[in-house]
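Here is the structure we will look at.
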Amino acid sequence: MYKVLANMLSNRLKDVMDSINGETQMAFIKNNQILDSFVIAKEIIQLWKKDNNSGLHVKVDFEKAYDSVDHGFLDSMMRDMDFSLRWRQWMKNCIATPMLSVLVNGSHTSQFGKERVLHQGNLISPFLFNIVTESLSSVLRKAIDLGLISGATFGNNEVYISHLQFADDMIIFLKSRLEYLCKARRILRCFELVMGLRINFHKSYVVKIDKKKTTEDGWADAFKSKKATLPITYLCLPLGARPNTKSF
């Protein structure tokens, strides 16, 4: 019975995802495909390789993404997105964890539940995760508007792309200025503290992209992450590789 209900609710969520998620979220959105994110990322890298303007490709690694989502923050996000109280209660019941009790010295402790988890395999979980990460996307877009960071720019109309996200797979694009990288890290740290999701900075990495193919340790040190060079793997595909190379 639960699987039938979860399937119905997930289908309802799927219908509204494109209206509540920004254009940078590609996963679980109608008419979006996994290759869309890859193609955009590839175009940005090619743009930075050809132009005089260099850029930074920042891969953000979420630590056990579904296991660290704060239920209270998720509910507040749904409230701000005008989901009804009844709908939010349905979501709360769907993601509620069984109550647990620990045996200590032969006696059971009081029951408790986990307040920071979205169950893997739950049909609703991917959509709820998208709702949570939309808050981060909104902050990054606001940072662009305020001039705190600057991402990739396309065409005469100056279309800005600060980041791409496919489920829990995120890339942030920044112009090669140390202050932009430091501010992006501060934004991510605030996101951790307020919203519950933890970020593995030691598994994240920074790639410097420019025409000269230079490599600098300072960028990764400032972000407190790994340093990487092209080509890299993005969504299981080689990004930044030449078509005639083995990695491609």
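Each value in this text was obtained by applying a stated rule to the coordinates, not by laboratory testing. Keep in mind the model is a prediction, meaning the values are calculated, not measured. Note that each Cβ is placed from the backbone with ideal geometry, even for glycine, and that neighbours are counted across all protein chains shown.
Structure above, values below:
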{"read-out": "For the range 11-90, alpha-carbon Rg and Dmax in angstrom", "value": "17.2, 54"}
{"read-out": "Fully extended contour minus Cα-Cα distance, from residue 87 to residue 236, at 0.36 nm per residue", "value": "50.1 nm"}
{"read-out": "In nm, spacing of pseudo-spin labels at residue 190 and residue 203 (7 Å Cα→C-beta vector)", "value": "2.6 nm"}
{"read-out": "Cα gyration tensor category, rounded, prolate or oblate, for the range 133-188 with a/c compared to 1.5", "value": "oblate"}
{"read-out": "Sequence of 12, 141 once ranked by neighbouring C-beta atoms within 10 Å, starting from the fewest", "value": "12, 141"}
